[in-house]
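The values are calculated or read from the model by the stated rules, or taken from the named source; none is laboratory data. Please read all numbers here as calculations on a predicted model, not as lab measurements. Cβ: placed from backbone, ideal geometry, glycine included. Neighbour counts: every protein chain shown. Calculation scope for accessible area: heavy atoms of the full protein, side chains included, ligands and nucleic acids excluded. Shrake-Rupley method; radii C 1.70, N 1.55, O 1.52, S 1.80 Å.
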Amino acid sequence: MKNINRLPLFIVASLLVGLKSYVVYRFYFDLSIETTFQEIILITNSLVISFFLFSIAIWFKPNKQKWFILITATVISILLFANLMYYRNFTDFVTIPTLFQVNNAGDLGSSVLSLVYFTDILLFLDLILLIVFVKKSQFSLPTFSKVFKRRVVVVALAGLALNFTLAQIERPQLFQRGFDREYLVKNVGLPVFHVYDIVMTTATQSKRLFADGEEIGEIDDYVNENVRDDEEKEGVDLTGVAEGKNIIYIAMESMQEFIIDEKVNGKEITPFLNDFKEESYYFDNFYHQTALGKTSDHEFILDNGLYPLPNSAAFFTHAQNEYNSVQKIIKDELDYSSYAFHANNGSFWNRNVMYDTLGYEKFYDKEFYEVKEEDVIGWGLNDKDFFTQSLDHLDELKEPYYAKFITLTHHFPFEIPEEEASIDKYDSESTTLNQYMQTARYTDEAVEQFIGQLKDEGIYEDSIIIVGADHYGISSYHNKSMAKFLGKEEITPYDEVKLQKVPLMIHVPGQDGGKTQSTLSGQIDFKPTLLNMLGVNNEKDIMFGNDLFADDRKDFITFRDGRVVGEDYIYAGGNCYENGSGEIVEETNCSDIQEQSEQELNYSDEIIYGDLFRFYDFENGELVEELDDEESESDSENE
Ligand code: GP9
Ligand code: MN
């Protein structure tokens, strides 16, 4: 200890700032640290990021070293402090796009003093100590040898690699998916989070810069020729039935179609859904089309009629775009207000930002729910309490409304306390599949309860109720057990595609009996269907789906991973299958649907990457006259 002052100052700074960062993350922010592993990751990232940053000092001359160290420590302190202020107000972290949102900064400005606590002084303690050390020359500022420098670089990089590996284990694809800013911060720390944000924002913005709107003409032609349907309906015509009515959409987490009407040990898995489909329009050939952005991708597709992105969650990376969402259209055309209910962090999937962009009036996130520990199942508040508590807010909504409810209990890993489970687990090698049945049943009961509550409140009879689901819950990893459940020898790529079906049920007031529609369809068709039910004539819109009841529909459903389902053929796993028999056929049979699907995905990506809708006038189906970016941006801010 006697020679402690021989320690180079950059090491002292790394330790001080690293420890400070950990204390701030752990005790100042309200990050949920649930396991020892998460705790280890938090400590690791605090220390290694700090070491990495301060180790840069060794490349400076002794006198400059101290300035580098002091400036770095100051920047980190300010970064932490600014984020803390922001967090206390918005339960979120600062991002480049939010810095440019006048509203947010304004909100913060007025209340900034109330966000500062006396204990915040600790956030600057390390800096004060460092200044004292420098003044009194207490720690050494040597010129380092080449060997030492090399070692430091190796240690710093190894530290970063360790951190990223641990984070990757805790959250696979963390950087691609983003998930929640909280996940990023607790896994890789604030400095890396900010670098990540800057890189992502710059990448997004540069793609956007090169677009000038000219691309939209070709896309519009394509949509006109291949997508837009005529007015003819196939049997059922629901045009305008929803006009003036409230619309309630329930998104069931991870609910797949394959369990509908199935049993475990003689008991129905989803008795309510099995009955509800008998009094609704039930789509039993309806596919989810989500990618990396999972639940948020499903929301993205439903609201916009665009495809999700191939390498990121559009909710995260393209939340500043201009969209022609259902929510905006029905606000403008019919004065509908839209709301979202979901008892998770508001920032998960960046919903707190994206919902604004899409035109939701209000987001009832976790903050609006009382989440007692005993009411938590899996990811958060159980679905039954979620619905009951949501009900309390329904009379706050401005009618007519579109209200979306997203459930959570039936989420991977599908764990539920035994006393809450009404049916047995399935019996197979896959614990996941076995448990899946029980949580599916739980959500089924929760939805039943909610529909009952809506009936009691007199809302049901006069509303359009849509019950759907976001995406698969059982991955191909469980194929062997899945084959057992389905009574098949094996699950082929053909079967796997078919397993991507999710239930969709639409109930219309006064509906006389149900009707099963086996139209080949997918989430991309949701927007046009809903708009048609509302009687909105949006023939100039650019989207890639068709009304589910239209006569003349596109004949394929495309997935982000190259798979395509056509009426006659299915392309999957590098083979072309005959739809129906599942036999492998000549690959050329799939060429048409493959080509068209690739074309569509490209167009959809082009729209999103280029933020092309800012150039398009949906009223007249023309490019907006003046392509003055700044002007149109300030217009939208003033709205
Ligand atoms: C999180 C919930 C689940 O809010 O929607 O997300 P997922 O992991 O399914 O995308
Ligand atoms: Mn989901």
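Using the C-alpha gyration tensor of the chain, what are the square roots of 5 times its eigenvalues, in whole angstrom, with the largest one first?
47, 28, 26
Of the listed peptides 599-605, 188-194, 304-310, 451-457, what is their order by residue-averaged count of other C-beta atoms within 10 Å, with the highest listed first?
So the order, starting with the most tightly packed, is 304-310, 188-194, 599-605, 451-457.
How would Phe29, Phe368 line up by accessible area, probe 1.4 Å, largest first?
I get Phe368, Phe29, largest accessible area first.
Kirkwood hydrodynamic radius of the stretch 2-205 from all distinct Cα pairs, in Å?
Across the stretch 2-205, the inverse of the average 1/r is 18.1 Å.
Add +1 for every Lys or Arg and -1 for every Asp or Glu among the other residues with Cβ under 12 Å from the Cβ of Ser280, and state the total.
Summing Lys and Arg as +1 and Asp and Glu as -1 gives -3.
Find how many whole Å separate the alpha carbon centroid of the stretch 271-312 from the alpha carbon centroid of the stretch 387-440.
16 Å
Using just the C-alpha positions of the stretch 522-631 as equal point scatterers, what log10 of I(q)/I(0) does the Debye formula give at each q in 0.12, 0.18 1/Å?
-0.55, -0.98
So how much slack lies between Lys61 and Asn311, counting 0.36 nm per residue of separation and subtracting their Cα-Cα distance, in nm? Intermediate values should be presented prior to the final figure.
Values: separation 250, 0.36 × 250 = 90.00 nm, distance 4.30 nm.
Gain in length upon complete extension: 85.7 nm.
Given the protein chains as shown and a 1.4 Å probe, how many square angstrom of Met200 are accessible, to the nearest 10?
60 Å²
Once ligands and nucleic acids are excluded and a 1.4 Å probe is used, how much of Ser21 is accessible, expressed in Å² to the nearest 10?
Roll a 1.4 Å probe over it and Ser21 shows about 10 Å².
Mind checking the dipole of the stretch 241-556: about its Cα centre, +1 per Lys or Arg Cβ, -1 per Asp or Glu Cβ, Debye to the nearest 20?
860 debye
Under the rule a/c < 1.5 gives rounded, and otherwise a/b versus b/c splits prolate from oblate, where does the stretch 241-556 land using the Cα gyration tensor?
rounded
Could you tell me how far the Cα centroid of the stretch 320-371 sits from the Cα centroid of the stretch 190-208, in Å?
24 Å
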